[in-house]
1. Picking from Lys161, Lys119, Lys221, which is most flexible by a Gaussian network model of the chain using Cα springs under 10 Å?
2. Going down the list Lys39/Lys161; Lys160/Lys215; Lys161/Lys215; Lys114/Lys215; Lys89/Lys221; Lys39/Lys156, which pairs span over 19 Å between their C-alpha atoms?
3. Sum up the charges of everything whose Cβ sits under 11 Å from the Cβ of Met241, counting Lys and Arg as +1 and Asp and Glu as -1, but leave Met241 out.
4. Mind sorting Ile203, Ile4, Ile226 by how few other Cβ atoms lie within 10 Å of their own Cβ, fewest first?
5. Given springs between every Cα pair under 10 Å in a Gaussian network model of the chain, which of Pro95, Pro130, Pro87 has the largest fluctuation?
6. Taking the chain as a Gaussian network, Cα atoms linked when under 10 Å apart, which of Gly204, Gly243, Gly149 shows the biggest mean-square fluctuation?
7. With +1 on each Lys and Arg Cβ and -1 on each Asp and Glu Cβ, how big is the dipole of the range 195-257 about its Cα centre, in debye rounded to the nearest 20?
8. Let me check I've understood the local charge: for Leu170, count other residues with C-beta under 14 angstrom from its C-beta, Lys and Arg +1, Asp and Glu -1. What total comes out?
Amino acid sequence: MLLIPLTLAAMAAPLWVAAIYALLWSLAAAFEFLRLYIKPFRVYHLLFLIAPPLIWACTLFLTSFSLASYLFVAFVIQVLLWLLFFPSKPALILPLLILPLYLGFIPAHFVLLKQEVVKRGLGYAWLAFPFVMTWVNDTAAYVVGSLLGRIPLCAKLSPKKTVEGFLCGLAITIGAGFGYSALFLSDRPLWWGAVLALAVALIGVLGDLLESAIKRERGVKHSSGILGAHGGVLDRIDSLMFGVAIYYYLLLLIRGS
């Protein structure tokens, strides 16, 4: 539970604080991801963690190079390191190439969202919205699914997720979006909050299922045990980083509305 107030506090802090906070979570999740695929893991394999911060750096430093340029460099670095350490393991190349996108580009939206909110002079309520809605959806889906869930949502990927939990989570999150909009976003129509909340919740579930698929393919229950019974860092941010990303693009879409 400490993650929630800590994250909200970090996002309320100056840009550089929020950026470093996002980078630390991104690197921790990327480290867990690498350890799922590279066994045994050696200290020099940490070189594969160079790629995600490259994408993070692109969000902070305005240069003449586009995000695509940073992604290309990140891909080249991963391929070179793969050739250096694992030329006899071609199956590793795809996970290593996915890493900069999955845990570099997508978490970078934490920083992009912070920048957009600051640039447009929006209040903190706009910044906190996707974080609050993600946690509302995750909590509601878990509680309802545990108490009333009978029908598996996607049994092959995540046996504990249920259709009842999924639908009730969406409904409660939409209601929370209405309430949040009425309380904190009064300059916009109430339905905005509901639509944004629905998008954040739906895409968050996809992020959760994606990570479940990775864990199922690797034969593990959690991305790591660093957080004890709560699993690893990636387990905590899988849905959040996707929810923040879709919210950022919707915010850009409605910028002129």
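Throughout, read-outs are computed from the coordinates displayed, never taken from laboratory work. Please read all numbers here as calculations on a predicted model, not as lab measurements. All Cβ positions, glycine included, derive from the backbone under ideal geometry; neighbour counts span all protein chains shown.
1. Lys119
2. Beyond 19 Å between Cα atoms: Lys39/Lys161; Lys114/Lys215; Lys89/Lys221; Lys39/Lys156.
3. In short, -2.
4. Working: Ile203 22, Ile4 13, Ile226 16.
The most exposed by this proxy come first: Ile4, Ile226, Ile203.
5. Pro87
6. Largest GNM mean-square fluctuation: Gly149.
7. Roughly 40 debye for the range 195-257.
8. Values: positive: Lys161; negative: Asp138, Glu164, Asp208.
The answer is -2.
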